[in-house]
Amino acid sequence: MRAFAQSDIGMVRKTNEDSYVFLPPRLFVVADGMGGHVAGEIASNLGANTIREYIEKIPIPAEWDQSLEEAIVQANTSIYQMSQDKSECQGMGTTVTAVYIDNAQIYWSHVGDSRLYLIRENKLHQITNDHSLVWELMQNGSITSEEAQVHPHRNILTRAVGTSETLCVDSGKFLWQPGDNLLLCTDGLTNMLSEEAILNICIQPISPQTISNTLVDQARQAGGYDNITAIFLQNRN
């Protein structure tokens, strides 16, 4: 496996409220914080670090699908408690998309509108569902995917880590095959680039570092209105 992570402040924001965990060959996490002042940065950083610390303490082998969920629930508790204790952090939260790799088995857990993609046989498959207002509108047929890209409420989340005392986490698992690629990314990438543009970059026969950097550079050139984080993994030697 080859992998690379890249995070960028973008062209507009004054701080980078994205955080990530990059611990090849097993644990990868992206988190996109929300909240006033520096609270978003605090939430994403606390969430990512809590997940990393929780997973690092678990002896191998383990039930990784359950462990990832438990790690995100622990992150939820930590963020929510800080938001209650510190007035400047009130209402803060973060998205989380996490992957744990155990041999050929991919375990994933997810809350929010960051995304996990599988690139297989030159096709892009979105593994996670967005927990957002526009995703729900798309699912019930109220708007098209093209309308969702420019919808005025496309940044409204219906679920986030740390915004309430309890949390529902989406999880799943699948086998990845030789030649498969994975992309974890925040919406600073997906709001700037179409899935066709993302796929065209991800299928190039180049290194994960070059692909990650190209994704971020293209998102910046498209406007870079948000922070941009991408972790790209190739299942090859």
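Candidates 199, 139, 108 compared by Cα position along the dipole of the chain: farthest toward the positive end lies 199, with charges placed on Cβ. The charge dipole of region 1-135, taken about the Cα centre with unit charges on the Cβ atoms of Lys, Arg (+1) and Asp, Glu (-1), comes to about 340 debye, rounded to the nearest 20. Among the GluC sites (Glu not before Pro) within region 10-100, those in coil by DSSP and having at most 16 neighbouring Cβ atoms inside 10 Å are 63.
Using a 10 Å Cβ count of at most 13 others and DSSP loop calls, identify the longest part of the chain lacking such trypsin sites (Lys or Arg not before Pro). The segment 87-235 is the longest one with no such site.
Whole-Hz Karplus values for region 64-80 come out as 6, 5, 5, 5, 5, 4, 4, 5, 5, 4, 5, 4, 4, 4, 5, 5, 4 Hz, taken residue by residue from phi with 6.51 cos²θ - 1.76 cosθ + 1.60 and θ = phi - 60°; glycine and proline positions read x. A simple charge model with +1 on the Cβ of Lys and Arg, -1 on the Cβ of Asp and Glu and nothing else charged puts the dipole of the chain at about 500 debye relative to its Cα centre. Once mean projected area of the Cα convex hull in nm² is calculated for the structure shown, the corresponding label among (1) 23.4; (2) 12.2; (3) 12.9 turns out to be (2).
The loop-placed GluC sites (Glu not before Pro) in region 142-237, going by DSSP, that have at most 12 neighbouring Cβ atoms within 10 Å of their Cβ come out as 165.
In summary, the aspartates and glutamates within cross-link reach of residue 173, defined as a Cα separation below 14 angstrom excluding same-chain residues under 8 places away, comprise 63, 65, 69, 102.
Taken together, the values in this text are just the output of simple stated rules run on the coordinates, not laboratory data. Since the model is a prediction, treat every value here as computed from it, not as a measurement. Glycine also receives a Cβ, built like all others from the backbone with ideal geometry; neighbour counts cover every protein chain displayed.
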